[in-house]
1. Tell me whether segment 198-206 contains one or more residues that are at positive phi and part of a loop (DSSP other than H, G, I, E, B).
2. Is it fair to say Asp152 is open to solvent by less than 50 Å² (accessible area, probe 1.4 Å), acidic (Asp, Glu) and closer than 19 Å to Cys40 by Cβ?
3. Scan segment 71-120 residue by residue and report those that are within 28 Å of Phe165 (Cα to Cα), of a type in the set (Gly, Ala, Ser) and either open to solvent by 50 Å² or more (accessible area, probe 1.4 Å) or modelled with pLDDT under 95 (or both).
4. For Ser125, are the conditions met, namely being at pLDDT below 95 and either within 17 Å of the chain's Cα centre (by Cα) or of a type in the set (Gly, Ala, Ser) (or both)?
5. Of the residues Ala154, Ala136, Ala140, only one is under 21 Å from Asp69 (Cβ atoms) and either among the hydrophobic types (A, V, I, L, M, F, W, C) or touching a Leu at 6+ places or on another chain (Cβ under 6 Å) (or both); which?
6. Scan segment 133-149 for residues that are of a type outside the set (D, E, K, R), assigned to a strand (DSSP E or B) and open to solvent by 20 Å² or more (accessible area, probe 1.4 Å) and report the count.
7. From the residues in segment 121-131 that are touching a Ser or Thr at 6+ places or on another chain (Cβ under 7 Å) and not in a loop (DSSP other than H, G, I, E, B), which one is most open to solvent (accessible area, probe 1.4 Å)?
8. State yes or no: is Phe112 in a strand (DSSP E or B) and either closer than 20 Å to Gln207 by Cα or hydrophobic (A, V, I, L, M, F, W, C) (or both)?
Amino acid sequence: MKKLLLKHLKSIQYTFTFSFLLLIGSIGHAQTYCIPQGDCSIGDQIDNFSTTGGITNISNLSSGCSTGDYEFFQNQEVTIPSAGSFNFTVQSGPSWGQGFRIWVDWNNDGDFNDPGEDVWNSGTSATTPFTGSITAPAGAIPGTLRMRVRCDYAAVPVDPCAQQFYGETEDYNLVILPGAPDDAGVASIDSPDVFCPGPHDVVATIQNFGSNQINSVDVEWEVDG
């Protein structure tokens with residue numbers, strides 16, 4: 001922690017406390033993931049999945065039922081900048097309405113169980129397309145990460161690995177480009193939410209968004225108003 005007492009200004013005294021998340025930037029590496037089981041042999045499949053808004057995008061249309069009810073499409077990837085976002089469309093086959101859920105292994109540790117890795121769900125089931133968007137959190141590890149798309153007949157999947165009676169699972173690559181080598185910035189103003197006259201402790205989190213290790217930073221500040 002680095003605590004700076006700033007000068008009295010317009011009858012409001014500010015004490016700034018900075019929490020430093022000075023992390024070593026790293027590039028993701030291959031992980032081994034669970035292989036979920038389902039059954040798409042009678043039409044309970046992810047027929048279309050595509051993305052837009054990425055630097056590169058996924059287009060996996062009319063894919064039908066995968067052998068073994070699971071497939072990792074290694075040649076299909078969506079690429080975004082650090083803390084970037086992309087849009088997607090997902091749709092079942094024509095026979096049976098499916099619900100969907102998507103997970104991303106943001107910290108590249110080989111599972112989808114960490115907070116924030118359950119990134120989207122359809123809320124209901126249908127044969128018509130569902131759309132949505134996904135934004136990489138500020139702390140996401142740059143590199144090639146795993147994204148999992150799963151469907152279930154007349155229900156929304158609840159687990160990235162558990163066996164289902166029906167449905168299919170598809171995995172894709174999500175590539176997050178690294179930021180600038182030296183790139184520290186304010187990730188959040190944590191408190192207070194509202195400023196009133198009088199002394200205040202102002203807490204801000206500064207994070208390393210770059211790929212180089214940073215041990216310290218110079219903090220510049222100003223009060224507007």
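The values are calculated or read from the model by the stated rules, or taken from the named source; none is laboratory data. Fair warning: this is a prediction, and the values are worked out from it, not measured in the lab. Ideal geometry is used to build each Cβ from the backbone, glycine not excepted, and the neighbour counts take in all protein chains shown. Please note that ligands, DNA and RNA were not included when accessible areas were found on the heavy atoms of the full protein model with its side chains. Shrake-Rupley method; radii C 1.70, N 1.55, O 1.52, S 1.80 Å.
1. In the first step, residues of segment 198-206 are kept if they are at positive phi; the result is 198.
In the following step, the residues that additionally are part of a loop (DSSP other than H, G, I, E, B) were identified as 198.
Yes: segment 198-206 contains one or more residues that are at positive phi and part of a loop (DSSP other than H, G, I, E, B).
2. Working: open to solvent by less than 50 Å² (accessible area, probe 1.4 Å): yes; acidic (Asp, Glu): yes; closer than 19 Å to Cys40 by Cβ: yes.
Answer is yes for this residue.
3. Ser95, Gly116
4. It is false that Ser125 is at pLDDT below 95 and either within 17 Å of the chain's Cα centre (by Cα) or of a type in the set (Gly, Ala, Ser) (or both).
5. Working: Ala136 fails: under 21 Å from Asp69 (Cβ atoms); Ala140 fails: under 21 Å from Asp69 (Cβ atoms).
Checking each option against the conditions leaves just Ala154.
6. Within segment 133-149, the subset of a type outside the set (D, E, K, R) is 133-145, 147, 149.
Filter once more, keeping what is assigned to a strand (DSSP E or B): 133-135, 143-145, 147, 149.
So of that shortlist, the ones also open to solvent by 20 Å² or more (accessible area, probe 1.4 Å) come out as 133, 135, 144.
Residues meeting the conditions: 3.
7. Let us first name the residues in segment 121-131 that are touching a Ser or Thr at 6+ places or on another chain (Cβ under 7 Å), namely 127, 129-131.
Filter once more, so that each one left must be not in a loop (DSSP other than H, G, I, E, B): 130-131.
Details: Phe130: 30, Thr131: 97 Å².
If we take residues in segment 121-131 being touching a Ser or Thr at 6+ places or on another chain (Cβ under 7 Å) and not in a loop (DSSP other than H, G, I, E, B), then Thr131 is most open to solvent (accessible area, probe 1.4 Å).
8. Working: in a strand (DSSP E or B): no; either closer than 20 Å to Gln207 by Cα or hydrophobic (A, V, I, L, M, F, W, C) (or both): yes.
It is false that Phe112 is in a strand (DSSP E or B) and either closer than 20 Å to Gln207 by Cα or hydrophobic (A, V, I, L, M, F, W, C) (or both).
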